[in-house]
Amino acid sequence: MSRTVVRIIGYLWAGPNTVLGIAIGLLLGGRFKCVDGVLEIHGRHVSRALARLIIPASALTMGHVVFGRDPESLAVTRLHERVHVRQYEIWGPFFLPAYLGISLWLYARRRDGYRENPFEIEAYAVEEQDGH
Ligand SMILES: [Zn+2]
């Protein structure tokens, strides 16, 4: 398969999550910007929502949508969140259930459902490779 076909399949497979992300971005009145094929969304209500998560985040990925508190947060977390975009392209609709399932499984064993989550371990490893 050509790289273009693989990319298109990735967009389609992650599509339901991307659509959900766009809908949330519109509801929160965020500002949209396309960066390297990914929609980055930030704004006052986006920032407030990220701060209110169980684990407050500076950024969060949903398919080919990345929410950030502000442009600076989006820039700082770009490398890390792009790993999650790739994970959505592989896991598609199974990404969120798999991610949350592993987190709950870890928390139930009194472990760190965030830092010990393999999806996060991969993202932090790529981030560190780049020297951040
Ligand atoms: Zn992450």
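Only residues that are buried (at least 18 other Cβ atoms within 10 Å of the Cβ) and either of a type in the set (Phe, Trp, Tyr) or touching a Ser or Thr at 6+ places or on another chain (Cβ under 9 Å) (or both): list them for the stretch 1-27, please.
Of everything in the stretch 1-27, those that are buried (at least 18 other Cβ atoms within 10 Å of the Cβ) and either of a type in the set (Phe, Trp, Tyr) or touching a Ser or Thr at 6+ places or on another chain (Cβ under 9 Å) (or both) turn out to be Trp13, Asn17, Gly21.
Any residue that is in contact (Cβ under 8 Å) with a residue 24 or more places away in the chain, among the small types (Gly, Ala, Ser) and closer than 27 Å to Gly37 by Cβ - is there at least one of those in the stretch 77-92?
Looking for residues that are in contact (Cβ under 8 Å) with a residue 24 or more places away in the chain, among the small types (Gly, Ala, Ser) and closer than 27 Å to Gly37 by Cβ, one finds at least one in the stretch 77-92, hence yes.
Out of the stretch 1-24, which residues are modelled with pLDDT under 95 and either closer than 16 Å to Met62 by Cα or among the polar types (S, T, N, Q) (or both)?
Within the stretch 1-24, Ser2, Thr4 meet the criteria.
For the subset of the stretch 71-92 comprising residues that are of a type in the set (Val, Ile, Thr) and either more than 21 Å from Gly15 (Cα to Cα) or over 11 Å from the mean Cα position of the chain (by Cα) (or both), which member is nearest to the ligand (Cβ to nearest atom)?
Among them, the one singled out is Thr77.
The values are calculated or read from the model by the stated rules, or taken from the named source; none is laboratory data. Being a predicted model, the structure only gives us computed values, none of them experimental. Backbone-built Cβ (ideal geometry, glycine too); neighbour counts: all protein chains shown.
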